[in-house]
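The values are calculated or read from the model by the stated rules, or taken from the named source; none is laboratory data. Predicted, not measured: the structure shown is a model, and the values here were computed from it. Counting neighbours? That spans all protein chains shown, and the Cβs are built from the backbone with ideal geometry, glycine included.
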Amino acid sequence: MTRILAIHAHPDDIETLAAGTLALLAAAGHGIAIATLTAGDCGSAEAGPEETGRIRQGEAADAAAMIGADYRCAGIGDLAVFNDDPTRRRVTELIRWARPDLVITSAAADYHPDHEATSILVRDACFAASAPNYRTGPSAPLEAIPHLYFADPIGGRDRDGNPAPPDFAVDIGPWFETKRQMLARHASQQDWLLKQHGITDYVGSMVAWSKKRGREFGVDYAEGFRHYRNHPYPDAPLLQTLVGAALIAV
Ligand SMILES: [Zn+2]
């Protein structure tokens, strides 16, 4: 069994970008954990931040439970994810808690500042997690730096709106309905996304995105990933191997 940690900025990001792949991996018997850096506390125009964060953590935990995954939140505020020393230690502690062989996180360039900060924090925390003298909390250091992958940015576009092609894609067709139901658990976001983002159909926009990625790779639904191979991160294609026949090479 391989242990996989998917860690992104906000509740619903992982469901939008990588839940089909996680459902496939869970069904194959691998151990899955999902974490968010924030509780999504700004995601409401009606409820205050504490109540919003509480509701959204509950939705994220429900969505994770659908594939038997654990869920944990790092407790950082929305729009307050910064690449600083205390936050990096908190993210490293989260990684040590999950003890992953493989980490999936946010794309380095994405529309939201929390997404970009999450990407660099997680990249660096993966490096720090196996350093015994880097103190973070109760969890023991990892034995080794985990394999690291970046999910697609939202809409497959970088912060300037340019296309961000993945290294490879995963055919998530058989797992798409699970992914759709996981995202639908984030019911509190429907009204907020209409107000803040002008999105009238929250789940529908994820469906359209997964279909678009799929079309680019000749399947109904797909998710794309980039493999971070820079020294000293492992360069063996672990995720590509684990997804087996669902792998679509570029
Ligand atoms: Zn987000």
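Worth pointing out:
- Verdict on T36 being at negative phi, in contact with a strand residue (DSSP E or B) (Cβ under 6 Å, 6 or more places away or on another chain), among the polar types (S, T, N, Q) and buried (at least 24 other Cβ atoms within 10 Å of the Cβ): yes
- Among (1) outside any helix (DSSP H, G or I); (2) crowded, with 20+ Cβ neighbours inside 10 Å, the one test that P165 misses: (2)
- Condition check for V81: more than 14 Å from the ligand (Cβ to nearest atom), buried (at least 24 other Cβ atoms within 10 Å of the Cβ), at pLDDT 95 or above and closer than 24 Å to R135 by Cα: no
- Here the helices (runs of 4 or more DSSP H) wholly within the stretch 10-77 that include at least 3 residues being more than 14 Å from the ligand (Cβ to nearest atom) and in contact with a helix residue (DSSP H, G or I) (Cβ under 7 Å, 6 or more places away or on another chain) are 19-27.
- Enumeration of residues in the stretch 99-126 that are within 14 Å of the ligand (Cβ to nearest atom), closer than 20 Å to S139 by Cα and in a loop (DSSP other than H, G, I, E, B): none
- Residues satisfying the stated conditions in the stretch 207-243, i.e. surrounded by fewer than 20 Cβ atoms within 10 Å (Cβ to Cβ) and assigned to a helix (DSSP H, G or I): V207, A208, W209, K211, K212, R215, E216, L238, Q240, T241
- Check on R3, at pLDDT 95 or above, within 17 Å of C126 (Cα to Cα) and more than 13 Å from the ligand (Cβ to nearest atom): yes
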